[in-house]
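Just below is one structure, and these are the notes that go with it.
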Amino acid sequence: MKKLLNQSISSNKKLNFKKDKFQTLIIGVSEAKTLDGNLKVINEVSNGTIKKLISREEITGKIGNSVYLPAISGVKAEKSYFVGTGKKNKKISEVDYFKICQSISSAALASKSASVKIIIPEVSIENRDTSWTVEVLGRHLEASSYQYFFKGKKNQPKNVLKKVEIFMDSKKVGLSAALKKGQIIGAGSNFSKELANTPANICTPTHLANQARALSRTFSAVKTKVLGEKEMKKLGMDCLLSVGNGSVQESKLIIMNYAGGKKDEQPHIIVGKGITFDTGGISIKPSRAMDEMKYDMSGAASVLGTMRAIAELKPKKNIIGVIASAENMPSGTATKPGDVVSTMSGQTVEILNTDAEGRLVLCDALTYVERFKPASVIDIATLTGAVIVALGHEATGVMSNDQKLADKILSSGITSGDKAWQLPLWDEYQGGLKSRYADIANIGGSAGTITAACFLSRFTEKYKWAHLDIAGTAYGIGGQKVSSGRPVPLLSEYLLSA
Ligand code: BES
Ligand code: MN
Ligand code: ZN
């Protein structure tokens with residue numbers, strides 16, 4: 001997905017409110033009663049209008065306070081929005097800053113203008129520098145401009161916002177790089193959203209493979225390799241293949257290799273679950289809300305979105321994105337409960353429930369990536385409904401065999417605002433996967449999310465690994481059936497700082 005906005009930033013630049021014409025102005029106002037920078041100028045040219053509104057406590061500067069004025073005397077703007085940026089000489093929290101960015105983005109879109117100018121003071125945030133604030137704003141603006149997949153003529157969403165110019169009252173210069181970085185991550189997130197929102201009759205394993213191939217055509221630093229069913233069979237990936245047995249769609253293993261580092265440098269790898277539709281298979285799901293199972297490839301979408309961002313940000317590192325993709329359907333050829341299959345690792349699996357299919361495709365992909373001698377491997381999957389019970393739609397569940405890796409992921413979540421929370425992966429939980437007829441069963445135990453991670457842990461002993469369960473965070477936030485583009489911000493942050 002191409003960038004939706006033309007974004008730019010300049011610092012310490014005074015605008016000419018008397019002369020220049022503006023379509024939409026979005027003006028950040030702190031809680032301080034003294035006005036400075038561009039805001040002071042607006043107050044002067046408007047004969048004290050801003051001061052008046054502040055004294056009447058209409059503009060409060062408080063975070064969440066957003067005031068719309070169709071006209072300000074003396075200022076040639078069609079629309080103006082005043083957005084609260086909180087206390088001036090006190091550091092605010094990251095979460096509060098995300099709220100400010102959300103208010104600014106909402107105003108920009110609500111204005112229905114093609115061009116907006118954003119005038120903001122420098123906001124200081126605990127443990128963060130100005131570049132971080134600019135990056136976050138760039139990302140929010142780009143990400144909130146995304147309008148979902150739509151096929152048809154009626155009510156087609158229309159994007160009008162094209163140009164955003166940010167004017168920051170700050171002495172810092174060179175903020176453009178941070179803005180660009182944020183925008184690229186926002187665009188990666190949008191790419192992920194578009195893939196996830198695409199219905200399953202279009203978004204098949206082959207479609208995902210084609211998207212990966214298209215990515216390497218756009219960014220030559222990414223090399224894509226796609227394995228079909230024949231090739232996977234040769235590698236002994238019977239477990240992955242068993243998931244697609246009931247489908248007419250061919251299963252795919254997609255490998256995207258970004259080589260930005262030295263040849264012998266160990267790569268960081270992300271592996272996404274790409275079930276393009278999960279009916280549950282023979283262990284069929286109830287029909288209520290089954291349409292949401294088109295989102296069961298959100299892990300794969302996040303890998304594509306993150307690889308796109310990485311390809312554009314060009315870090316000097318080696319990063320590999322892998323997608324294990326299949327469609328889980330019931331049919332006369334489908335896998336049945338009780339079937340025993342072998343995995344690429346040599347372990348056998350008794351498939352007691354065909355609806356626990358994510359782990360079946362991931363385990364073979366996780367064995368496959370051993371060949372790259374990875375520095376770290378993170379898998380991303382809409383793996384269990386149970387993670388929604390545990391963490392709701394707020395946090396992604398993290399489980400890992402390496403505490404340092406888990407800590408890095410948790411802190412990347414805080415930095416990006418794309419939060420994650422750790423669940424234990426203690427040996428005590430492994431017992432649930434006992435099988436009478438194979439080395440392991442694909443279900444068992446009572447802690448659903450942890451049990452699924454325990455299953456995967458049997459295939460990841462050779463490297464540092466973490467599992468992200470995104471069933472709660474990838475889509476459905478606020479009850480809306482739309483993709484959130486998560487955890488692209490978290491993954492990008494992790495990979496860039498790893
Ligand atoms: N794709 C689902 C998990 C899921 C459920 C994602 C709800 C988003 C919303 C996964 O393949 C699945 O069906 N998991 C089962 C596992 C069970 C059979 C052990 C589940 O969570 O019920
Ligand atoms: Mn399932
Ligand atoms: Zn699934």
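The values are calculated or read from the model by the stated rules, or taken from the named source; none is laboratory data. Computed from a prediction, not measured in an experiment: that's the story for all the values here. Counting neighbours? That spans all protein chains shown, and the Cβs are built from the backbone with ideal geometry, glycine included.
So here's what we get for this one:
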read-out	value
Matching residues in region 326-345 - criterion: being away from ligand 3 (no atom under 16 Å from the Cβ) and touching a helix residue (DSSP H, G or I) at 6+ places or on another chain (Cβ under 9 Å)	Asp339, Val341, Ser342, Thr343, Met344, Ser345
Residue list for region 176-185, restricted to those being in contact with a strand residue (DSSP E or B) (Cβ under 9 Å, 6 or more places away or on another chain) and surrounded by fewer than 21 Cβ atoms within 10 Å (Cβ to Cβ)	Ser176, Lys180
Entirely in region 215-316, the helices (runs of 4 or more DSSP H) that have 1 or more residues that are within 16 Å of ligand 2 (Cβ to nearest atom)	238-243, 298-313
First in region 351-375 and within 12 Å of Ile269 (Cβ to Cβ), second anywhere and among the aliphatic types (A, V, I, L, M) and within 16 Å of ligand 3 (Cβ to nearest atom), Cβ under 6 Å, 6 or more apart	Ala365/Val271; Ala365/Ala324
Residue that is farthest from Gln347 (Cα to Cα), among those in region 218-249 that are small (Gly, Ala, Ser) and either in contact (Cβ under 8 Å) with a residue 40 or more places away in the chain or surrounded by 14 or more Cβ atoms within 10 Å (Cβ to Cβ) (or both)	Ala221
Residue among Met297, Met256 that is modelled with pLDDT of 95 or more, buried (at least 24 other Cβ atoms within 10 Å of the Cβ) and more than 16 Å from ligand 3 (Cβ to nearest atom)	Met256
Only listed residue being over 18 Å from Arg139 (Cβ atoms), in contact (Cβ under 8 Å) with a residue 12 or more places away in the chain and not assigned by TED's automatic domain parsing to the domain that holds Ser411, chosen from Asn43, Asn16, Asn65	Asn65
Single match in Ala447, Ala453, Ala438 (criterion: farther than 14 Å from Ala390 by Cβ, away from ligand 2 (no atom under 15 Å from the Cβ) and not charged (D, E, K, R))	Ala438
Among (1) more than 15 Å from Leu227 (Cα to Cα); (2) more than 22 Å from the chain's Cα centre (by Cα), the one test that Thr367 misses	(1)
Scan of region 272-294 for residues that are over 19 Å from Leu468 (Cα atoms) and within 10 Å of ligand 3 (Cβ to nearest atom), ordered by number	Phe277, Thr279, Gly280, Gly281, Lys285
Whichever residue in region 186-217 is buried (at least 18 other Cβ atoms within 10 Å of the Cβ) and among the polar types (S, T, N, Q) and, among such residues, is nearest to the chain's Cα centre (by Cα)	Ser189
Single residue of Tyr437, Tyr429 found to be among the hydroxyl-bearing types (Ser, Thr, Tyr) and surrounded by 20 or more Cβ atoms within 10 Å (Cβ to Cβ)	Tyr429
Count of region 366-395 residues which are within 16 Å of ligand 3 (Cβ to nearest atom), surrounded by 18 or more Cβ atoms within 10 Å (Cβ to Cβ) and not in a helix (DSSP H, G or I)	6
Some residue of region 405-426 being charged (D, E, K, R), surrounded by fewer than 17 Cβ atoms within 10 Å (Cβ to Cβ) and at pLDDT 95 or above	yes
